[in-house]
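*Asks:* Here you go, one structure.
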Amino acid sequence: MPEPTRHTRALVLFSGGQDSTTCLAHALARFDHVETIGFDYGQRHRVELDARLVVLRELRAAFPAWAAKLGDDHVLDLAVLGAVSETSLTRDMAFRMEANGLPNTFVPGRNLLFLTLAAALAYRRGLSVLVTGVCETDFSGYPDCRDDTMKAMQLALSLGMDQRFLIDTPLMWIDKADTWRLARELGGEALIDLVVEHTHTCYLGDREHRHDWGWGCGQCPACELRARGWAAYHGGVST
């Protein structure tokens, strides 16, 4: 097992969406070596697995300095998560709020499992930073996106693997408009254009309808959130 260099080598949880692409740019601007990991868990919007490869290709082409830092991409098969999840992201059902106050887009344990497996891979690869796009501002109430959850996971993973991991959450306290602004600060209009054209957010996997903010159905919660953020970003106000 390679010995990790403390906090200079990172693994980005990368879905190919707006948030994780912005997090990847953040990591490439900050760390010396960056790898990516994605998960196939039977999501309805499986098109994101294709989109993420396109984003990686376009990112390498548009930003040569970042390409020199960008290492291997990894995809893990997590079909078991889809098998145990009765949610609108893993089943053909309408989006709605549940009796517990959470949207049925919440996949229980998803981020906890993602981080655990990412840490296991990072341990083997000599990577000490896990970068994830979780956020308390635009998080739809998901409990596994909270800052407290991330702090608890960082402690548990560090103790359980006897290696100090850092969970980096660059989007934790910003909204979608600020996420667009962060992308512009990191990579200028070239990165904004890349996010618009190549990333995928839509929960229904729609790549047929093109909007100013990118591709998607325009109706699902993810599309609505991205569209509102785009409008606020261009309006110069916070969502």
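*Asks:* If a residue must be buried (at least 17 other Cβ atoms within 10 Å of the Cβ) and in a strand (DSSP E or B), how many such residues does the range 164-181 contain?
*Replies:* Total meeting the criteria: 2.
This table checks each residue for (1) among the aliphatic types (A, V, I, L, M); (2) in a strand (DSSP E or B); (3) farther than 19 Å from residue 113 by Cα.
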site: 7; (1), (2), (3): no, no, yes
site: 11; (1), (2), (3): yes, yes, no
site: 43; (1), (2), (3): no, no, no
site: 51; (1), (2), (3): yes, no, yes
site: 65; (1), (2), (3): yes, no, yes
site: 76; (1), (2), (3): yes, yes, no
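*Asks:* How many residues does the range 14-73 contain that are small (Gly, Ala, Ser), at pLDDT 95 or above, out of contact with any strand residue (DSSP E or B) (no Cβ under 8 Å at 6 or more places or on another chain) and under 22 Å from residue 171 (Cα atoms)?
*Replies:* Result for the range 14-73: 2.
*Asks:* Output the residues belonging to the range 35-72 that are aliphatic (A, V, I, L, M) and over 22 Å from residue 193 (Cα atoms).
*Replies:* Residue satisfying the conditions is 37 alone.
*Asks:* Going by what's in this entry, would residue 14 be described as touching a residue at least 40 places away in the same chain (Cβ under 8 Å), under 12 Å from the mean Cα position of the chain (by Cα) and either surrounded by 18 or more Cβ atoms within 10 Å (Cβ to Cβ) or more than 21 Å from residue 125 (Cβ to Cβ) (or both)?
*Replies:* So residue 14 passes the test.
*Asks:* Now a separate question. Report, by residue number, each residue of the range 122-163 that is among the hydrophobic types (A, V, I, L, M, F, W, C), surrounded by 17 or more Cβ atoms within 10 Å (Cβ to Cβ) and more than 21 Å from residue 25 (Cβ to Cβ).
*Replies:* 153, 157 - these are the residues of the range 122-163 that are among the hydrophobic types (A, V, I, L, M, F, W, C), surrounded by 17 or more Cβ atoms within 10 Å (Cβ to Cβ) and more than 21 Å from residue 25 (Cβ to Cβ).
*Asks:* Given the criteria of a type outside the set (D, E, K, R) and either on the phi > 0 side of the Ramachandran plot or modelled with pLDDT of 85 or more (or both), does residue 106 qualify?
*Replies:* Working: of a type outside the set (D, E, K, R): yes; either on the phi > 0 side of the Ramachandran plot or modelled with pLDDT of 85 or more (or both): no.
When the stated conditions are applied, residue 106 does not pass them.
*Asks:* Could you check the range 181-217 and list, in sequence order, the residues that are touching a helix residue (DSSP H, G or I) at 6+ places or on another chain (Cβ under 7 Å) and among the small types (Gly, Ala, Ser)?
*Replies:* Selection gives 183, 187, 190, 205, 214, 216.
*Asks:* Something else about it: If you check 184, 228, 207, which single one turns out to be in a helix (DSSP H, G or I), modelled with pLDDT under 95 and not polar (S, T, N, Q)? Before you say what the answer is, go through the steps one by one.
*Replies:* Numbers: 184 fails: modelled with pLDDT under 95; 207 fails: in a helix (DSSP H, G or I).
Result: 228 is the single residue among 184, 228, 207 that is in a helix (DSSP H, G or I), modelled with pLDDT under 95 and not polar (S, T, N, Q).
The values are calculated or read from the model by the stated rules, or taken from the named source; none is laboratory data. Keep in mind that this is a model prediction, so the values were computed, not measured. Every residue, glycine among them, receives a Cβ derived from its backbone with ideal geometry; neighbour counts consider all protein chains shown.
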